[in-house]
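The values are calculated or read from the model by the stated rules, or taken from the named source; none is laboratory data. This one's a predicted model, so the numbers in the text were calculated from it and none came from an experiment. Because the Cβ atoms are built from the backbone with ideal geometry, glycine has one as well, and the counts that use them run over all protein chains shown.
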Amino acid sequence: MKRNNLFLLLMIAVIGATSVSAQSTDPDPAVQEAKEETAVVFDLGRFFGYVWRLEQESDDLGLTRDQQAEFYTVMQEIVSRSRIEPDWAEEVYERLELDVLTVAQLMQVDMFVLERDASRSSGTGTGAGSGNPGSGTGSGPILTYLEGGAFNPIVDDTKSQGQDFLAFQAYLKRELGR
């Protein structure tokens, strides 16, 4: 009899813990919507990291002086903004991909993205592109975005994305003599 009671208590504890755990990880619908809406901002930030890697690793695919100037101009605009809106980020992202980079450069950037995705699925994601744009509870930049406040995760130097962006910007500044 004691054995059955112990088993029953254990099952109640497990079910209760599972229920509490499920409740605490269910994302707020507004937070989930904001994450989806702002994904392009985070994608743009990672994109700069990939182009920075391209510039460092690919002698034959490095940026021309005109491309460097285009990227630097956009980066200056990003730094000057306290809030990056998804529509603006999407427009800039598309322009850089389609009008500034060559097809070969864009293909190499896509290879970097595939490498990152492969490393993330194996659990070893670091560097450009790793990280989470905010937790399911609405903390961090997503909550600030929802509240209408400053939202520019691209230049957040506490994250690898921001560190890559700022290192790339400093490099371009030196290269262009600005």
Does GLU90 qualify as being in contact (Cβ under 8 Å) with a residue 24 or more places away in the chain and surrounded by fewer than 18 Cβ atoms within 10 Å (Cβ to Cβ)?
yes
The stretch 58-70 residues that are within 16 Å of LEU96 (Cβ to Cβ), paired with ones that are of a type in the set (D, E, K, R) (beta carbon under 6 Å, 6 or more apart)
GLY62/GLU55; LEU63/GLU55; GLN68/GLU175
Of all residues in the stretch 86-138 being in a loop (DSSP other than H, G, I, E, B) and among the hydrophobic types (A, V, I, L, M, F, W, C), the one that is modelled with the lowest pLDDT:
ALA128
I need every pair where a residue in the stretch 148-164 that is under 17 Å from VAL51 (Cα atoms) has its Cβ under 8 Å from the Cβ of a residue that is at pLDDT 95 or above and among the β-branched types (Val, Ile, Thr), sequence separation at least 6 or different chains.
ILE154/VAL41; ILE154/ILE78; ILE154/ILE84; VAL155/ILE78; VAL155/VAL79; GLN161/ILE154; GLY162/ILE154; GLY162/VAL155
Residue tally, condition loosely packed, with under 12 Cβ neighbours inside 10 Å and either in contact with a Lys or Arg (Cβ under 8 Å, 6 or more places away or on another chain) or not in a helix (DSSP H, G or I) (or both), over the stretch 54-82:
2
What is the number of the single condition among (1) modelled with pLDDT of 95 or more; (2) of a type in the set (Val, Ile, Thr); (3) surrounded by 13 or more Cβ atoms within 10 Å (Cβ to Cβ) that VAL31 does not meet?
(1)
Sole exception among (1) over 19 Å from the mean Cα position of the chain (by Cα); (2) at positive phi for GLY140, by number
(1)
Suppose the filter is farther than 16 Å from VAL109 by Cβ and either of a type in the set (A, V, I, L, M) or modelled with pLDDT of 95 or more (or both); does THR64 pass it?
no
What are the residue pairs meeting all of these: first residue in the stretch 33-57, first residue farther than 15 Å from LEU146 by Cα, second residue surrounded by fewer than 21 Cβ atoms within 10 Å (Cβ to Cβ) and of a type in the set (Gly, Ala, Ser), Cβ atoms under 6 Å, and 6 or more apart or on different chains?
GLU55/GLY62
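Do we have ALA39 as at pLDDT 95 or above and not charged (D, E, K, R) here?
It is true that ALA39 is at pLDDT 95 or above and not charged (D, E, K, R).
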